[in-house]
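One structure below.
The values are calculated or read from the model by the stated rules, or taken from the named source; none is laboratory data. Given the structure is predicted, the values throughout are model-derived calculations rather than measurements. So basically every Cβ, Gly included, is an ideal-geometry build from the backbone, and we count neighbours across all protein chains shown. These area figures cover heavy atoms from the full protein model, side chains too; ligands, DNA and RNA do not enter into them. Shrake-Rupley method; radii C 1.70, N 1.55, O 1.52, S 1.80 Å.
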Amino acid sequence: QLQASGGGLVQPGGSLRLSCATTGLSFSSSTMGWFRQAPEKEREFVAIRRGSGGATYYADSVKGRFTISRDVAKNTVYLQMNTLRPEDTAVYYCAAGVYPITSMVRTETWVRYWGQGTQVTVSS
């Protein structure tokens, strides 16, 4: 089970940290990631962190602003979001699965479990 939290309303340029607490997973070996879905748009990839080795990969739109990390002791993955923009407004979903080949990182094919989503709104 994945439980996402930490969303909210923030002004442009602000920061938020999303959390995704997990239960029932082999967390240390699981690949974890984040996707988001804006109103009237399809869900899109945001970030991924490989379970073994810790390699990370980001969508171009968030690279340099967002950071995915984890705390193995807490079985929790985080998404630190800085310099937020109105276009970052979306429901954010955490995901767990098996790390795919590089060409499939942005797809949902590697996801085995989804969290319930947390709303992030960036507005003045």
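For the stretch 1-18, the candidate set comprises residues that are assigned to a loop (DSSP other than H, G, I, E, B) and small (Gly, Ala, Ser); within that set, the residue that is least open to solvent (accessible area, probe 1.4 Å) is Gly14. Among the residues of the stretch 27-43, is there at least one that is charged (D, E, K, R), surrounded by fewer than 20 Cβ atoms within 10 Å (Cβ to Cβ) and on the phi > 0 side of the Ramachandran plot? The answer is yes, given that some residue of the stretch 27-43 is charged (D, E, K, R), surrounded by fewer than 20 Cβ atoms within 10 Å (Cβ to Cβ) and on the phi > 0 side of the Ramachandran plot. If only residues of the stretch 101-124 that are among the charged types (D, E, K, R) and either open to solvent by less than 60 Å² (accessible area, probe 1.4 Å) or in a loop (DSSP other than H, G, I, E, B) (or both) are counted, the one that is modelled with the highest pLDDT is Glu108. Restricting attention to the stretch 44-68, the residues that are touching a residue at least 12 places away in the same chain (Cβ under 8 Å), within 16 Å of Asn82 (Cα to Cα), open to solvent by 50 Å² or more (accessible area, probe 1.4 Å) and small (Gly, Ala, Ser) total 1.
I'd like to check something: does the stretch 87-100 contain any residue that is at pLDDT below 95 and open to solvent by 60 Å² or more (accessible area, probe 1.4 Å)? Yes.
Please verify whether Tyr78 is in a strand (DSSP E or B), of a type outside the set (A, V, I, L, M, F, W, C), in contact with a helix residue (DSSP H, G or I) (Cβ under 9 Å, 6 or more places away or on another chain) and open to solvent by 10 Å² or more (accessible area, probe 1.4 Å), treating the condition exactly as stated. No, not satisfied.
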